[in-house]
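Every number in this text was worked out from the coordinates using simple rules, so none of it is lab data. Keep in mind the model is a prediction, meaning the values are calculated, not measured. Methodologically, a virtual Cβ is constructed for each residue, glycine included, from the backbone with ideal geometry; neighbour enumeration extends over all protein chains shown.
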Amino acid sequence: MSLKHFLLTYEAVADYATQRTPWRSEHLGLARAAQQRGELVLAGGLADPVDGSVFLFQGESAAVAEAFAHIDPYVREGLVLRWRVREWTTVVGDLALQPLPPPTSGT
């Protein structure tokens, strides 16, 4: 089976930036461990307003992203109102898993 990209998105509670402080170290530790295993490609919080986060995972199935959400203290402690995992077909860019060929020249 080939690798696919999956987006994990969090919709967070109001005042998320302040409320996450007690669990931030554990959350970042989990994210760094997932990155070291080759599962997490990119992650970060949404800005202006700070009301959620987006994570780009890679794996054979959505299970890698779902497993992260299930153990994340932000989810466990109720800071995340809703989370969702979607497969993302990446076609352009250095990290694209299904890159499209460059356009052919018309000349």
Scan segment 46-63 residue by residue and report those that are closer than 19 Å to E11 by Cα and within 10 Å of the chain's Cα centre (by Cα).
S53, V54, F55, L56, F57
Given (1) loosely packed, with under 10 Cβ neighbours inside 10 Å; (2) within 13 Å of T9 (Cα to Cα); (3) of a type in the set (A, V, I, L, M), V85 misses just (1)
Filter result for G52 (surrounded by 13 or more Cβ atoms within 10 Å (Cβ to Cβ), touching a Gly at 6+ places or on another chain (Cβ under 9 Å), over 21 Å from Q98 (Cβ atoms) and small (G, A, S)):
yes
